[in-house]
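First up is the structure itself, then whatever we jot down about it.
Every read-out reported here was derived from the displayed coordinates using simple, explicitly stated rules and does not represent laboratory data. Please read these numbers as outputs of a predicted model, since none were measured by experiment. Positions of Cβ are generated from backbone atoms using ideal geometry, with glycine treated the same way; all protein chains shown enter the neighbour counts.
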Amino acid sequence: MLITTEGFILKNKKYGETDSILTIFTRKAGKINAIAKGARRPKSNLLAGIQPFCYSEFVLYKGRNLYTVSQCDAKEIFYPLREDLKKLSYAAYLVELVEAVITEGQTNNRLFNLFGKTLYLLKKDDVEINTIVRAFEIKLMNYSGYKPQLSGCVHCNRKEASSWKFSSTEGGIICPLCLSIDPYAMKIGSTTIKLATYLLTRDMVEIQRLKISSYLNDELKKILKQYILTHVSKYDFKSLEVAEKLE
Ligand SMILES: [Zn+2]
């Protein structure tokens, strides 16, 4: 069976003398593994479109265990991401998050569009990296079925409180009266709640130049890290640590 679909290269591993095994996040078939035969020969016409992060149009043949790439046209190669070590590390972090939340063969159109938009913004010069990475994390959780409740207490629905905490297990903010339901809930300031709501609800393109103070970024980063770890247990955040050491 032949499938024509757009996709992003998540991984590209050498296989044998001249082949590559690819992990591709496709729009129509979800995350798949595919072999690109002869792709590492210098004159291969697959070569350009199978580099990491590449957005390409694929013609794929579905075999019993593996897809085979029969055609591949590069549409956007995201070259600036491979040139800049810091951006490369953040892009690698986004890839790992996507890999952690989707299983093989699972499609996720909203996450597919978000991933493309975020890579496109990340390659630009005048972009606030922390802002788009935090926005990506919170939107990724939303599109994976874990939209955080930020408009009132997740337990009693109260809208007004003197202080709030964020409960990863309950999936939202909790008021002082409900604290006993999650002893591990983390402190979250009201400005951080507003910021998180903004990042969750606005389009990536709209928020790309928003500057976040390092205090707010740190608070939101810690909360999202715990939230992701609670629901995506196999993830270890090593690539994020590497990216941040390059600041
Ligand atoms: Zn409450």
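Couple of notes before you dig in:
- Label zone at Lys62, where the point sits 7 Å out along the Cα-to-Cβ direction: segment 91-110 residues whose backbone N lies under 20 Å: 102-110
- Where Rh is the Kirkwood radius over Cα pairs, Rg/Rh for the chain: 1.03
- Of Lys194/Lys225; Lys11/Lys221; Lys194/Lys221; Lys13/Lys225, those spanning more than 24 Å from alpha-carbon to alpha-carbon: Lys11/Lys221; Lys13/Lys225
- 18 Å reach of a label modelled at Leu2, 7 Å along Cα-to-Cβ, counting backbone N of segment 62-97: 62-64, 67-74
- Distance from segment 201-247 to segment 77-98 (C-alpha centre basis), Å: 15
- From phi via Karplus (6.51, -1.76, 1.60), per-residue ³J(HN,Hα) for segment 29-44 in Hz, x at Gly/Pro: 10, x, 7, 9, 9, 9, 9, 10, 6, x, 5, 8, 6, x, 9, 4
- Residue of Ser167, Ser56, Ser70 that the Gaussian network model of the chain assigns the largest fluctuation, springs spanning Cα pairs under 10 Å: Ser70
- Listed residues Leu81, Thr197, Val127: farthest to the positive end of the dipole of the chain (Cβ charges): Leu81
- For the residue pairs Lys62/Lys86; Lys14/Lys86; Lys86/Lys159; Lys43/Lys139, the alpha carbons lie more than 28 Å apart in Lys62/Lys86; Lys86/Lys159; Lys43/Lys139.
- Set the Cα radius of gyration of segment 23-115 against 2.2 N^0.38 Å, with N its number of residues, and you get 1.09.
- Cβ-Cβ FRET estimate between Lys37 and Tyr184, R0 fixed at 51 Å, reported to 0.05: 0.55
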